[in-house]
């Protein structure tokens with residue numbers, strides 16, 4: 001496609017005719033086959049989440065998060081009260097439909113309706129959720145909400161550049177690496193270089209098709225093992 005220029009013969013970006021600011025995400029419930037996403041509610045979710053997080057052998061799941069680990073229910077309850085009241089980040093609980101229990105949380109954050117950019121963050125998955133089909137479906141449901149229902153143009157993932165599992169997950173889910181912001185954050189008394197990833201609306205149709213093919217019953221054998229990877233389905 002030929003580059004656009006203005007009246008001064010300077011290159012300029014693609015036109016966005018009719019663009020209007022997007023709606024802010026709401027405290028909605030999103031239904032999937034394996035999980036349900038709903039706004040964090042302290043009374044409904046605190047006990048289940050604390051139990052699920054306590055199943056971890058140590059506090060290493062909290063190393064790269066801005067808060068935690070929590071060794072007692074009272075401190076966790078206080079944290080969840082603040083999370084539930086927040087508008088940005090807007091926290092959601094992930095409910096395992098099989099058990100009816102909350103097994104993790106994540107949030108939509110750095111919400112920028114004017115430019116159509118939004119981030120998924122504060123991803124706090126318990127051992128009962130990590131590396132399961134349920135966790136993949138949860139990520140898909142929130143992503144679909146941002147792109148298809150709210151009409152955002154850009155969906156971001158950011159993490160500590162040293163957080164190898166988070167960076168691997170971002171790439172698995174279809175986010176593209178955009179670079180390192182050096183000394184971007186101070187947290188827990190230490191410096192953080194932040195790795196940036198994003199999916200944009202042009203990427204979304206291919207990413208969405210891969211998610212839907214991966215989540216389909218035909219992609220799992222009788223033992224529940226997946227047949228094709230997300231990456232292979234995106235390539236296909």
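All told, residue 120 falls short of being part of a loop (DSSP other than H, G, I, E, B), touching a residue at least 24 places away in the same chain (Cβ under 8 Å) and under 30 Å from residue 220 (Cβ atoms). Flag not set for residue 151, criterion: on the phi > 0 side of the Ramachandran plot and either assigned to a strand (DSSP E or B) or loosely packed, with under 12 Cβ neighbours inside 10 Å (or both).
Summed over the range 202-236, the residues that are more than 19 Å from residue 142 (Cα to Cα), more than 20 Å from the chain's Cα centre (by Cα) and assigned to a loop (DSSP other than H, G, I, E, B) give a count of 8. Among the residues of the range 173-184, just one is surrounded by fewer than 16 Cβ atoms within 10 Å (Cβ to Cβ) and in contact (Cβ under 8 Å) with a residue 24 or more places away in the chain, namely 176. Summed over the range 154-172, residues that are surrounded by fewer than 21 Cβ atoms within 10 Å (Cβ to Cβ) and not in a strand (DSSP E or B) total 10.
Listed here are the residues, each with its yes/no results for (1) in contact with a strand residue (DSSP E or B) (Cβ under 9 Å, 6 or more places away or on another chain); (2) more than 30 Å from residue 16 (Cα to Cα); (3) surrounded by fewer than 19 Cβ atoms within 10 Å (Cβ to Cβ); (4) modelled with pLDDT under 95.
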site	(1), (2), (3), (4)
34	yes, yes, yes, no
57	no, yes, yes, no
76	no, yes, no, no
83	yes, yes, no, no
104	yes, yes, no, no
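Within the range 27-61, the set of residues being closer than 23 Å to residue 190 by Cα and touching a residue at least 40 places away in the same chain (Cβ under 8 Å) comprises 61 only.
The values are calculated or read from the model by the stated rules, or taken from the named source; none is laboratory data. It should be emphasised that the depicted structure is a prediction, and the values quoted were computed from it without experimental measurement. Positions of Cβ are backbone-derived with ideal geometry, glycine not excepted, and every protein chain shown enters the neighbour counts.
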